[in-house]
Amino acid sequence: MAGGRNNTIVVRFILLGFSDYPKLKIVLFAVFLGAPGSYFLTVAWNLGLIILIRMDSYLHTPMYFLLSNLSFLDFCYVTSTTPKMLSDFFQKPKSISFLGCTMQYFFFSSLGLTECCLLAAMAYDRYAAICNPLLYTAIMSPTLCVQMMVGAYITGLFGSLIQLCALLQLNFCGPSVINHFCDLPQLLVLSCSETFFLKVMKFVIAVIFGVISVFAIMISYIVATILKISSGEGKSKAFNTYTSHLIAVIYFFGSGLFVYMHPSTDNSLGHDKMASVFYTVVIPM
């Protein structure tokens, strides 16, 4: 043992989850499974929205095409972490293999980065609809919509793959307790290897996918939309058009950037857990 660590290679991680609240185990399980903002309703609402858009021909427009893909991403996004979290409420020990942990983070990260790109694409769609309504159909053609979706998936997958390759180079020799689920900040704290490069990579990816996406969204809405509309009534209609999307953007990027852009320490993991619950369970709803 040296500095609280030993030289045994970790092959399994213990998922602490919410086991530090044993008296609230049943309550927390019910909240995450069936209460508003929880897994069951998140899955039901997002799948219901996808089915509705598919069934109603009036909703076969670029905006609803992007929205249905957002619902699909949120369904996969919440499913990548929440079922394991729910099963761990009643399992002892609450563990996951090293390979399973890295794969969980890979899928979670891929979907999250893809959603960052998709939210930026949705902002461009609203910009085209408000500023060029007569040319909207020509600008947002089916081909462009598909290209934007494929580009979002490829970009998110590539960004997550880079992190996975760097993560697999780390050594973990104890302690092996993860505070919530297999998220990168949690794993960096546990590694006994030099993590400076991966910390820099985490920050750079947060800037590229988070800060730049938010900046592009704000530019498309504030500068290109509101400033181009002179009448107060027009600005009010434009604001009503993108309010819900803007709220989702603020919550998603705000909580995500909080976790990924500040230095992770043992003392900050409790706050990271609360923020990660917000952007993995509440935001998809």
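Applied to the stretch 67-84, the Karplus parametrisation 6.51 cos²θ - 1.76 cosθ + 1.60 on θ = phi - 60° returns per-residue 3J(HN,Hα) values of 5, 5, 5, 5, 5, 5, 4, 5, 4, 5, 4, 6, 6, 6, 10, 5, x, 5 Hz, with x for Gly and Pro. With a simple spin-label model that places each label point 7 Å from the Cα along the Cα-to-Cβ direction, the separation between F197 and F215 comes to 2.7 nm. A 1.4 Å probe over all protein chains sorts Y58, Y39 by accessible area into Y58, Y39, starting with the largest.
In order along the stretch 154-166, the Karplus-derived 3J(HN,Hα) couplings, from 6.51 cos²θ - 1.76 cosθ + 1.60 at θ = phi - 60°, round to 5, 5, x, 5, 5, x, 6, 5, 4, 5, 4, 4, 5 Hz, and Gly and Pro are given as x. Summing charges over neighbours of F252, with a neighbour being any other residue whose Cβ is under 14 Å away from its Cβ, gives -2 when K and R count +1 and D and E count -1.
Spin-label pair I154-I250: with each label point 7 Å from Cα along the Cα-Cβ axis, the two points sit 3.5 nm from one another.
The values are calculated or read from the model by the stated rules, or taken from the named source; none is laboratory data. Keep in mind the model is a prediction, meaning the values are calculated, not measured. Note that we place each Cβ from the backbone using ideal geometry, even for glycine, and neighbour counts take in every protein chain shown. Please note that ligands, DNA and RNA were not included when accessible areas were found on the heavy atoms of the full protein model with its side chains. Shrake-Rupley method; radii C 1.70, N 1.55, O 1.52, S 1.80 Å.
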